[in-house]
Structure formats: C-alpha cells, structure tokens
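Undergrad: Below are the structure tokens for one structure; questions will follow.
The values are calculated or read from the model by the stated rules, or taken from the named source; none is laboratory data. Model, not experiment: these values are computed from the prediction. Every residue, glycine among them, receives a Cβ derived from its backbone with ideal geometry; neighbour counts consider all protein chains shown.
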Amino acid sequence: MYDKHWSDEELVALLYGVGSEGDHLDVCDSCARRWEAIRCRYENLRPAGIEVSGEFLAAQRRAIHARLREKRHRFPRVLVPVLVTLLLAAIMIVYRPAPEPPPAKEKISDAQLFDDVFRMVSDPEPSAVEPIRSLFEEQK
Amino acid sequence: MRAAEAVLAREETGSGVQEIDFEAWMAEEQKRIFLLCMRLLRTRDEADSATQDVFVEAYKTLEKSGGQAIQEPAKWLTRVAFNTCYDRLRSKRWLFWQRHSSDASGDSLLRIIPAVGPNQEDAAAAHDIRQRLEKALDRLSVRQRAVFILRHDEDRSIEEIAQIMDLDAGTVKAHMARAIKKLREELRDLYVR
C-alpha cells in the first residue's frame, strides 16, 4: 500500500508527456490499473478510424497537379516589375517630350521703355557704381 | 506532370539510399496531412485548400533542393503543414471569418468520424466525448491546440513537437500543460463521471 496514489490529473499529464515520471506505476497496482483504464479511454478517443473517401483524395491530388502545372507554365512573377520598368523607359525615350520654350519676356510698353532710357541717359553714374562709392564715404 | 516530378528526393534507409517519387509520397501522406489540417483549421474547405498548399510548397522546396535528401520527410512535411495552418489561423481574414461564423466550427470533423467502438453504447459515449472534445479544442489558443493535436492525434513526442513547431521542449510542455488544464475545465463533467 502507498500513502499517496497518483491523481487522475497526474495520470493524464503523464499521458500527454508533461507528467512526472517515476517508477510509481511499476510498484503501485492500484495506480497501474487506473493508468491502463485512462490509456484505454484515450485510445478510444483518438481519431484512428477516420475515413476520408478515396474520391475526395483523388480530386485533391488532381487539384494539386493542376496547381503545379499552372505554376510551371506561369510567367515568372519576378520578371513582371523588371519588364514594366523597361517598357516605361522605352516609352520615355521614344516619346520624349519636346523641351519647353524659354519663358516669353514681358512686353514693355512704349512709355515704360522711354522712361527707362530717359533715366539711364539722365543719370551721370551707372547704378552699379553706387555700392562701390559707399566704401569711400567717411563714416559719420 | 509525371515526367517532371520523376524523382525529387532521396531518402537514407537501412538498405541504402531510396529514391522518393513525389506522386507516391503524396498519396501516402495526403490523408494524414489533410486530417492534421482539418484538426487545426476545423473546416473541410480550409483543410482541403491548406493541404493543397502544403504539397505545392513541398514540391517547390524539393524541386529547389535538386534531389538533396530531406531528413525525416514525414516530420518535415508535418512542419510545412503546421506552418501553413498556423499562418492561416493568424491571418486577419481567418479571424474575421471565425468571428462571423462561430457556430460553424466543431461539428465539421465529427461528420467524417465514424462511430467506432465495441458496442453501440460505447460508440455513442465515445462520439459524445469526441464531440465535446472538438468543441473544447476551439477554446484553446492556436499553439495550445496544435501541441495537443500533434500529441493526441499524431502521437508525437514532446521533442518532435518542439522540432515541428520550432519551439523548445520546455515551451511545448508549458503549452501542453495549459491545454490539458483548459480541456479538463471544459470537460469536467465527463472527466469526473
């Protein structure tokens, strides 16, 4: 006789590979009997007798073969972006847009032209001299 | 198809190197992978589509490998299946669909599970428990469910599950312990019977 028998929880844990291992089942008849009973129920629960029809499996194999054939004949996806880029580049070379004409100069009215010419003539010094002159002025 | 698929991998066996024919390998693994997808995704259509993705992905990988051996092809395929389902379960489209069709899950797998058992009463009881288990599985997180299913349905060891899910064994154990705890709470009335 043993003071402490294994609980059902411990036996189930052992069944699923996470229980404590030891020689208790070898030496305790009571626990060994319960262990056998639990194993028996476990075997009954396992889906060993599941039947899947041969027709279903054959149809599945046909579908797999079809997918493999499709894969073999399909254009490689990796090449798609490369080809698109090359095509765009070719289009851009062939149909290169004409360079934009330089922006048209603003039309100046006769009055404004006359005004500008008059100012240039009447000014004794060209406007570019002004910054240089300031260098020679005495600072106040 | 047949000519192109020819030989896509070689497997080391006790008697030497064995060439794997993709078609034969797919036929051998197809049902197991479909059922795993079914358990993870819960709907037949999604599982069908995911299974196709798994084998297309497997074919592509084998093609790229140029006939190089794949270590433990069954485990490797399980890993491809898990990743395919996991990506789907985490996708926004899936979450949206789940929110809007919460009643659709659960029973779909049970429709293809025949009632097996020594007698009618046991068969009915087992069916009842399975039904409850299916619904309880819905309440687990994706990882908890995956860990539980790989152990419960595929009888994988904790170490194998860790490899398939790219986790360490301690994390798998933690997920498993939480899954069992949640399932125990959900199925308490059956459990104490």
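Undergrad: Can you name every residue in region B:21-42 that is in a helix (DSSP H, G or I) and of a type in the set (K, R)? Steps first, answer last, please.
TA: Going through region B:21-42, the residues in a helix (DSSP H, G or I) turn out to be B:22-41.
B:K31, B:R32, B:R39, listed by residue number.
Undergrad: For B:A174, work out the one condition from (1) at the interface with chain A (Cβ under 9 Å from one of its Cβ atoms); (2) touching a Phe, Trp or Tyr at 6+ places or on another chain (Cβ under 9 Å) it doesn't fulfil.
TA: (2)
Undergrad: Here's a follow-up. Looking only at region A:22-69, filter to residues that are in a helix (DSSP H, G or I) and modelled with pLDDT under 80; which one of those is farthest from the other protein chains (Cβ to nearest Cβ)? Explain how you work it out, then say what you get.
TA: So the first thing to find is which residues in region A:22-69 are in a helix (DSSP H, G or I), and the list is A:24-27, A:29-45, A:54-69.
The next check asks that each one be modelled with pLDDT under 80; those that pass are A:41-45.
Details: A:R41: 8, A:Y42: 8, A:E43: 10, A:N44: 5, A:L45: 6 Å.
Per the criteria, the residue is A:E43.
Undergrad: Also, quick follow-up: Restricting to region A:7-27, give me the number of residues that are free of Cβ contacts under 8 Å to residues at least 24 places away in the same chain and surrounded by 13 or more Cβ atoms within 10 Å (Cβ to Cβ).
TA: Count: 10.
Undergrad: Looking at (1) modelled with pLDDT of 90 or more; (2) not assigned by TED's automatic domain parsing to the domain that holds B:L40, which is the one condition that is false for B:R132?
TA: (1)
Undergrad: Follow-up question, since we're still on this one. When region B:129-155 is examined, which residues are found to be without any contact (Cβ under 8 Å) to a residue 12 or more places away in the chain and surrounded by 20 or more Cβ atoms within 10 Å (Cβ to Cβ)?
TA: B:H152
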